[in-house]
Structures are given as structure tokens and as C-alpha cells.
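The values are calculated or read from the model by the stated rules, or taken from the named source; none is laboratory data. Since this is a predicted model, take the numbers as computed values, not measurements. With ideal geometry, Cβ positions are generated from the backbone for all residues, glycine too; neighbour counts draw on all protein chains shown.
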Amino acid sequence: MKRIIQSLILSSCLSLTLGCSALGKSDSFTFVPDFPPDFKYELTATYKPAKGQTCTVPGGKGTQLGFNKVYMEYEATSEIPLYRTVSGCPLAFSHMKIKITGIFGPVLSDRSSDYAAIDVRSEQLGRYKGTFNAAGVGEFSGECQWFFRTVGPERYLIKILYCKNTDAQGNVTRIRPLTTYTLDQLPGKTVKLKISLNHEEEPYKGDTWVKVPDGWKRCMGKGFEDQHAFCYGNHKDFSTFRMVDERICTIYPGCTENKEENP
């Protein structure tokens with residue numbers, strides 16, 4: 001993958017008159033994830049005509065680069081080129097969408113994702129202004145949290161991931177993790193996204209679970225066919241549910257039941 005990216009950078013440098021020097025770190029920046037266990041990432045970098053350019057790319061085709069997509073070999077870090085040329089149009093890095101994926105089970109469907117972003121601005125965005133230390137490393141951070149629910153007539157428990165930005169004091173904000181830079185800040189630098197995990201899981205939908213000392217109990221509703229199964233004040237009738245390993249449980253996450261079949 002790195003050879004492919006370097007080839008793209010070299011092609012861009014040969015075609016541009018934007019001050020590209022010899023192929024190297026000055027033509028790119030490095031993205032480094034600092035994630036909890038069982039978390040992965042993929043990236044989509046977006047490019048737009050470089051400053052002073054009036055050209056366009058027909059249909060916008062080729063203005064994005066993907067990293068760690070499902071058809072690619074997974075890489076722990078990614079080198080992001082700052083310049084490209086597509087359809088003869090010189091492009092510059094503009095935005096990067098970071099897909100954060102948490103894995104809670106053994107099969108492909110046992111995962112959920114949320115997003116973070118790196119934006120290039122002509123002027124940086126207030127509290128989301130990115131900076132670099134003396135070693136050329138910039139960091140922004142977020143906190144992710146799992147929300148659980150049940151699906152299907154057997155009430156399999158699944159999880160939904162939500163991630164929010166955290167400020168310099170560690171406070172969780174309302175938006176997804178975000179940082180902004182000017183384009184001339186990025187050459188040769190490293191941008192790290194540090195994600196922490198809130199270990200307090202919560203129900204995805206209100207009035208469907210009841211809090212008990214060991215966790216949460218799932219309200220029965222009208223029966224197992226009732227997919228919403230709101231409690232509606234009935235805190236006596238509860239249902240079992242199935243974990244991803246097929247255990248049948250009555251409390252989440254304090255389930256201690258063994259693997260068995262439904263009675």
C-alpha cells in the first residue's frame with residue numbers, strides 16, 4: 001500500500017508546480033490511531049482543486065483515496081498524500097473521514113462504527129484548532145461508548161457504537177471527534193487520534209431495560225415477537241436474551257448463565 005501511495009505522490013509532484021520537493025515525508029502526513037483493543041479504522045481522504053487552480057474533475061471521480069478498506073490489507077498507520085493530479089487537475093488534501101469500528105463478537109456483523117474527521121481550513125476552527133509538539137506530533141481525542149439492544153424473535157443482544165469529541169480537559173462534547181489544520185501545517189507531520197472507551201454501557205432505546213444491581217433486565221413487552229417491547233411501567237415481567245456466543249441470559253452485562261438452549 002505504501003508503495004502505491006508513494007507512486008501517487010510522485011505522479012502528483014511531477015505534474016504540479018506547487019513546490020513539491022523530492023518524494024518523501026514533506027509530501028504527506030502520517031495518521032496514527034491510538035484505539036482500545038478490538039477497535040479498527042478505515043479512512044477516506046478527499047481532495048479538491050489546489051489553491052489558485054480553476055480546473056475541475058469530471059464527475060468528481062478520483063477525488064478520494066481509501067485506506068484500510070475491506071478489500072485492502074490492514075495497516076496500523078497510514079501515510080496520507082497531500083497532493084494529487086486527477087484528469088490533469090492539481091488537487092490538494094481537503095478532508096479526511098475516519099471510520100472507527102468496534103468489534104464485539106466473532107462474525108462480521110458483530111461490529112459497529114462511528115466517525116471522526118480531520119479538516120483543512122484556510123483558518124483553523126476555534127476550539128478544534130490542531131497544534132503540533134516539537135516532535136511534529138499533533139493529537140486529538142474522543143470517547144466512544146457502547147449502547148446495547150436486542151433484535152429478532154430470539155432477542156440477540158447487539159451493540160451500537162457512538163463516539164464524541166473530548167476537549168483538552170477530557171470533557172465529552174456534543175460533536176464527533178474533530179480537528180482542523182491549515183494545509184501548510186501538515187507536511188511531514190503525524191496526526192494521532194486517541195480514543196478512550198467509556199466502560200459504562202447503556203440501553204440504546206429508553207424504557208426497554210430496567211436497571212438492577214448486576215446490570216440491566218430486558219422488559220418482556222407483549223412477548224418475544226414484540227421487537228420494541230417497551231416496559232410501560234411493568235418492571236416485573238422480563239425476557240431472556242441471547243449473547244453472541246449463544247448464551248441465554250437474564251441480566252446484561254452481569255450474565256453468568258452457561259451456554260444452553262432456550263427452554
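Structure summary
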{"quantity": "Some residue of region 76-89 being of a type in the set (S, T, N, Q) and without any contact (Cβ under 8 Å) to a residue 24 or more places away in the chain", "calculated": "no"}
{"quantity": "Output for region 90-120, where each listed residue is over 14 Å from PRO49 (Cα atoms) and either among the charged types (D, E, K, R) or free of Cβ contacts under 8 Å to residues at least 60 places away in the same chain (or both)", "calculated": "LYS97, LYS99, LEU108, SER109, ASP110, ARG111, SER112, SER113, ASP114, ASP119"}
{"quantity": "Tally, over region 230-246, of residues that are surrounded by fewer than 16 Cβ atoms within 10 Å (Cβ to Cβ) and touching a Lys or Arg at 6+ places or on another chain (Cβ under 7 Å)", "calculated": "2"}
{"quantity": "Filtered residue count, region 87-135, keeping only those that are in contact with a strand residue (DSSP E or B) (Cβ under 6 Å, 6 or more places away or on another chain) and among the small types (Gly, Ala, Ser)", "calculated": "8"}
{"quantity": "Qualifying position, being more than 22 Å from PHE29 (Cβ to Cβ) and assigned by TED's automatic domain parsing to the domain that holds VAL32, among ASP119, ASP110", "calculated": "ASP110"}
{"quantity": "Residue, farthest from PRO33 (Cα to Cα), within region 133-145, restricted to residues that are crowded, with 16+ Cβ neighbours inside 10 Å and among the hydrophobic types (A, V, I, L, M, F, W, C)", "calculated": "CYS144"}
{"quantity": "Top-ranked residue of region 19-58 - restricted to ones that are modelled with pLDDT of 85 or more and of a type in the set (S, T, N, Q), ranked as surrounded by the fewest Cβ atoms within 10 Å (Cβ to Cβ)", "calculated": "THR54"}
{"quantity": "Region 146-158, subset in contact with a Lys or Arg (Cβ under 8 Å, 6 or more places away or on another chain) and not in a loop (DSSP other than H, G, I, E, B), residue surrounded by the most Cβ atoms within 10 Å (Cβ to Cβ)", "calculated": "THR150"}
{"quantity": "Residue count for region 114-124, restricted to those that are over 16 Å from SER141 (Cα atoms) and surrounded by fewer than 19 Cβ atoms within 10 Å (Cβ to Cβ)", "calculated": "4"}
{"quantity": "When residues of region 120-154 are limited to those that are acidic (Asp, Glu) and more than 21 Å from the chain's Cα centre (by Cα), the one modelled with the highest pLDDT", "calculated": "GLU154"}
{"quantity": "Wholly within region 167-227, strands (runs of 3 or more DSSP E) carrying at least 1 residues that are touching a residue at least 12 places away in the same chain (Cβ under 8 Å) and surrounded by fewer than 18 Cβ atoms within 10 Å (Cβ to Cβ)", "calculated": "190-203, 209-212, 215-219"}
